[in-house]
Amino acid sequence: MNKWFKSGSPWIWMTAGAVSISLISVIGLLLLIAWRGLVYFWPSNIYEFSLELNKTPVTVIGEVYDREEVPTSRLQGVGTDISGFQGNIIERFLIKTGNREYVDLDFRWILATDIKSKTAHADLVKIERNKNGNFYGYIEGVIENGKTIKDKSKYEALESVIDRAVELSDEMMDIQNGEIGSINYKLEELRLEERSYELKGKLTAEIIAELNAERKTLQADYLVLEKQLMALRADSQRDTVLVKDMRGEVVSIPVYQVLDAQFPNDMNVFEKAIQFIVQIGKFISEDPREANTEGGVFPAIFGTVFMVLLMAIIVTPFGVIAAIYLHEYAAKNAITKIVRISVINLAGVPSIVYGVFGLGFFVYMLGGNIDALFYPEAQPSPTFGTPGVIWSALTLAILTLPVVIVSTEEGLSRIPTALRQGSLALGATKAETLWRIVIPMASPAIMTGLILAVARAAGEVAPLMLVGVVKMAPTLPLDGNFPFVHLDRKFMHLGFHIYDVGFQSPNVEAARPLVYATAFLLVSVIVTLNLTAIGIRNHLREKYKSLEH
């Protein structure tokens, strides 16, 4: 036994065990998040429950979201009548009933003891709407262009009118966000241009006439587009679907409010799998709705990736230059040691401190001065003197700068001195040696620092809450209006989206699966960015491997 301990084998097994436990924990956590998040997109069966509450028959239609076993003492403590039940544990179900206009909450708990029957009729429908959430019931008929369809062809008519309404809605959104948005942007530019001439004392009658002529042209185009938009809006309100809800009443739902209609009880496994993929695609590609509890997260994905890439572009050159100076040029004295210790300690500063610094220095001081110098015509409305994506990227660049500096310095220290001396002996200058020999060989270490920086920056939320991220951004930082990339705009972020949905949502039960789905998506985005950087690092490592020999 003593020889076994002295051989070091126990420590090898302990290390292997610790690594295995860590891997199992990480993989288990990811699988849990993936399962709880992805199951949200699987088409669940819709049930019609016949209940008896206080000797009164009640019908409930909806999806089973969750189930749990509750002690009878807990139910009796809140005043629930379970006098006819003799056991100690009662199972209860969380049902998503939707139909927000006609019920207090679109989620409700029902006890197993209150259920008299549970059926999953094939013609039960789930209607996804652009507001007020889902609607559950039976299709009674479709009013298509003034004609009521109630026979078997009503399902074909329903699919047809929904497709038509979605196409019209997409066309209206293209006009409203595209051409009309561009006109509004140009009108605002004309207003700022006129204000600029006025502040400079150069606003003449000729300039006013020229600006007014451009305004009239834009306003004429706006009126034409507005007529098209109103015509499309009136056309989209043509059709109606009649649905019988759980109260037994027939409700008229305008088709322009309907995004999709599903009959999950009538689907086989293959059809549900297809619908599962479609719903994931919608979640990734669509904008959020209903206070972020419905719809997709595309603006948050775009904002996260855009901000991280912008941060990487900023932090990489500064981190590499600082590391090269510290390792190659700075004297080996006490001041250099203090600088290195300070850089290392900066990595341990809480991220919210960087957020406060970014708000005070970048937003208020730097952004305020930029507005005063270059955008006086926009005052008092700030342009860069307000939180935006550029300040978020700069704040996270400072936050991750120590990681890049330390990683790059370690890469530079591993390069043999003989290579530098050989390059200088052949007549190369120190700058040429750095550019052609040292930096290429250190590029894998630089990419390692960038990987660590991206991994940390993509998951940060606290500083972003102060310097640019918002709950809902009406426009992306990238669009078709000059200069096309708008670094002054606020943006959405997956990390903040998780916080907002999980802790600020008015509908907790509806938001819970979205928290897991968005968390899994954020992990997937970070892994994708890291794998891309790792692939580039491995390519650079193989490319410059020969220089090491």
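Descriptive notes on the structure:
- 24 Å Cα-Cα threshold exceeded, pairs from K337/K543; K96/K116; K55/K118: K337/K543
- Restricting attention to the range 140-266, the count of lysine pairs at 8 or more positions apart or across chains with alpha carbons under 20 Å apart stands at 7.
- Top positive-direction residue, dipole computed over the chain with Cβ charges, set W391, S7, L478: S7
- Sequence of H493, H486 once ranked by neighbouring C-beta atoms within 10 Å, starting from the fewest: H486, H493
- Counting Lys and Arg as +1 and Asp and Glu as -1 over every other residue whose Cβ lies under 10 Å from the Cβ of T400, the net charge comes to 0.
- Taking other residues whose beta carbon is less than 14 angstrom from the beta carbon of A205, and scoring Lys, Arg as +1 and Asp, Glu as -1, yields -3.
- In this structure, the amide hydrogen of G133, modeled 1.01 Å from its nitrogen in the peptide plane, lies closer than 5 angstrom to no residue at least 5 positions away or on a different chain.
- From its DSSP helices (H runs of at least four residues, each -39,500 (n - 2.57)), the chain gives a residue-normalised ellipticity at 222 nm of -18000 deg cm²/dmol.
- In this structure the amide hydrogen of V241, modeled in the peptide plane, comes within under 5 Å of the amide hydrogens of I143, I253, V255, none closer than 5 places in sequence on its chain.
- Count Lys and Arg as plus one, Asp and Glu as minus one, and take only other residues whose Cβ is under 14 Å from that of G502; the net charge is then +1.
- Ranked by how many other Cβ atoms sit within 10 Å of their own Cβ, fewest first, the residues Y136, Y222 fall in the order Y222, Y136.
- Trypsin sites (Lys or Arg not before Pro) lying in DSSP loop within the range 96-161, provided at most 16 other Cβ fall within 10 Å: K131, K150, K152
- When you restrict to C-alpha pairs under 8 Å that are six or more residues apart and normalise by the size of the range 213-337, the relative contact order lands at 9 percent.
- Counting neighbouring beta carbons within 10 Å and listing from fewest to most, the residues V389, V161, V305, V224 come out as V224, V305, V161, V389.
- Farthest toward positive dipole pole in the range 140-266 [+1 Lys/Arg, -1 Asp/Glu at C-beta], among N265, Y155, V255: V255
- Projecting the Cα positions of P463, N54, S25 onto the charge dipole of the chain (unit charges on Cβ atoms of Lys, Arg, Asp and Glu, taken about the Cα centre) puts S25 furthest along the positive direction.
- The chain: C-alpha gyration tensor shape, a/c 1.5 cut-off, then a/b vs b/c: oblate
- In sequence order, calculated HN-Hα J values of the range 254-268 (Karplus, 6.51, -1.76, 1.60; Hz; x Gly/Pro): x, 5, 5, 8, 8, 9, 6, 9, 10, 10, x, 5, 9, 9, 8
- Close amide H pairs (under 5 Å, H built 1.01 Å from N) link D260 with E128, residues at least 5 positions away or on another chain.
- Scanning the chain for long hydrophobic helices, with DSSP H runs required to stretch 15 angstrom or more by C-alpha along their axis and to average at least 1.6 on the Kyte-Doolittle scale, returns 298-324.
- Sparse-neighbourhood loop sites, trypsin sites (Lys or Arg not before Pro) in the range 304-358 - DSSP loop, at most 10 other Cβ within 10 angstrom: K332
- Computed on the chain, with alpha-carbon pairs under 8 angstrom and 6+ residues apart, the relative contact order is 15 percent.
- Low-density loop cleavage sites - trypsin sites (Lys or Arg not before Pro) in the range 398-491, where at most 14 other Cβ are within 10 Å (DSSP): R414
- Rounded to the nearest 20, the Cβ-based charge dipole of the chain about its Cα centre (Lys and Arg +1, Asp and Glu -1) stands at 2540 debye.
All of the numbers you see were taken from the coordinates with simple rules; none came from a lab. The shown structure was predicted, so the numbers you read here are calculated from the model rather than taken from an experiment. Note that we place each Cβ from the backbone using ideal geometry, even for glycine, and neighbour counts take in every protein chain shown.
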